[in-house]
1. Just for the stretch 342-364: of the residues that are among the aliphatic types (A, V, I, L, M) and within 19 Å of T44 (Cβ to Cβ), which one is surrounded by the most Cβ atoms within 10 Å (Cβ to Cβ)?
2. For G107, work out the one condition from (1) in contact (Cβ under 8 Å) with a residue 24 or more places away in the chain; (2) open to solvent by 10 Å² or more (accessible area, probe 1.4 Å) it doesn't fulfil.
3. Would you call L213 touching a residue at least 40 places away in the same chain (Cβ under 8 Å) and outside any loop (DSSP other than H, G, I, E, B)?
4. Would you say S251 is among the hydroxyl-bearing types (S, T, Y), part of a loop (DSSP other than H, G, I, E, B) and modelled with pLDDT under 90?
5. So which pairs qualify, if the first residue must be in the stretch 141-169 and closer than 23 Å to V255 by Cβ and among the acidic types (D, E), the second must be open to solvent by less than 50 Å² (accessible area, probe 1.4 Å) and at pLDDT 90 or above, the Cβ gap must be under 8 Å, and the two must be at least 6 apart or on different chains?
6. For G216, all conditions in the list (1) more than 26 Å from L42 (Cα to Cα); (2) open to solvent by less than 50 Å² (accessible area, probe 1.4 Å) hold save one; what is the number of the exception?
7. For the stretch 14-28, state whether one or more residues are touching a helix residue (DSSP H, G or I) at 6+ places or on another chain (Cβ under 9 Å), of a type in the set (A, V, I, L, M, F, W, C) and not in a helix (DSSP H, G or I).
Amino acid sequence: MPFSVYALGLAVFAQGTSEFMLSGLLSGIADDLHVSLPAAGLLTSAFAVGMVLGAPAMAILGRNWPHRRALLSFLCVFAAAHVIGAVTSSYGVLLATRVVAAVADAGFWAVALVTALALAGPTARARARATSVVVGGVTVACVAGVPAGAWLGGEWGWRAAFRAVAVVTLVAIGVIAATIPAGRPAVTLPSAHSELRTLAGPRLLLTLLTSALVQGATFCAFSYLEPVARHVTGLGAAWVPVLLALFGVGSFIGVAVCGRIIGSRPVALTAAGLVALTTGWTLFASAADSPVAVVALVLVQGMLAFGTGTALISHVFQLASGAPTLAGAFSTAAFNVGGALGPWLGGLAIGAGYGFRSPLWVSALLMVLALGTAAAALEGVRAQAPQTDA
């Protein structure tokens, strides 16, 4: 695998740290900026909304840019947004920087996935490995970046975590500038209209909806993991980075295992992951007052969430082979529709007085809906089978 693909993973590590680290910083942000906990949770939703809006728009904008220039431009905007966020005392300004950073993140993702596939070569195995390296940056962020952000927030305040993300992003800018080729690969792309037509298929749309619901369940629980651990489970603040690290370890295992086995029986393995996730969030909600259960389930759910999520992203690329630049963008958008929906619904549940445990029940409900959309997609395949044979 070319080293330049790992350079893309480094940038994704910085971006993933930024996206997920608020789960360990919510209380500090809420206290410092004098806003409610659900309002602080909306910072996560704002980032996800920026990703949803930015992914297709930036993918279309960057279709004809040289890859290195596009990647560096997006990363510079991302770093600047974090510098501003680290110094502002206004909740509104911080909210705006989260949206701007997310749009830049979405643009980077859209170009990075295409670049990684081009650098990896034509074989399906190499392309799958390249995708896993880029996505793996998020899991490493969960293992190391997010707990480090929570630790920095606890020691020096949440602003220190924002400054650290800016520094890592600057390092990524230097590495990408040195390793990514300056030109654009010589490939003939279908028109944007043709790609959009490919993405409008009902089976693909149901798969994207399933992915959004799975990520909604993940983000709903993950965004409020800190208050759940402290106020429901009764664990001290020192446990929050540990739980975040466990979730990250689980996510890393999930992506690694998925990359190795998903090619054998993709439908059966994805279905098993969806059922296991539904069961896991239900158990988590029921046993949230048990420290032993919480520690175990954080690890398991991280593994299941990212393993199943990666399988769904791979499936989207298979279904959308005629949309090489927009498939990744729409996968990113679906991922972040869930990222916006989950924290918002969790905040509504807390704001309605159902307690800090309620986001876990919301996650379980979202997974029930994901099972329904996945079943509808599978039923559509079965319904088309007789027509194919005819």
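1. Looking at residues that are among the aliphatic types (A, V, I, L, M) and within 19 Å of T44 (Cβ to Cβ), I get L360.
2. (2)
3. The answer is yes for L213.
4. Spelling it out, it is not the case that S251 is among the hydroxyl-bearing types (S, T, Y), part of a loop (DSSP other than H, G, I, E, B) and modelled with pLDDT under 90.
5. Close Cβ pairs satisfying both conditions: none exist.
6. With respect to (1) more than 26 Å from L42 (Cα to Cα); (2) open to solvent by less than 50 Å² (accessible area, probe 1.4 Å), G216 is out only on (1).
7. yes
To keep it simple, each residue is scored yes or no on (1) under 21 Å from G342 (Cβ atoms); (2) in a helix (DSSP H, G or I); (3) in contact with an Asp or Glu (Cβ under 9 Å, 6 or more places away or on another chain).
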residue	(1), (2), (3)
D31	no, yes, no
P38	yes, yes, no
G41	yes, yes, no
V52	yes, yes, no
P56	yes, yes, no
N64	no, no, no
L72	no, yes, no
C76	no, yes, no
G92	no, yes, no
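The values are calculated or read from the model by the stated rules, or taken from the named source; none is laboratory data. None of these values were measured; they are calculated from a predicted model. Methodologically, a virtual Cβ is constructed for each residue, glycine included, from the backbone with ideal geometry; neighbour enumeration extends over all protein chains shown. Each accessible area value is taken on the protein alone, full model and side chains, heavy atoms only, with ligands, DNA and RNA left out. Shrake-Rupley method; radii C 1.70, N 1.55, O 1.52, S 1.80 Å.
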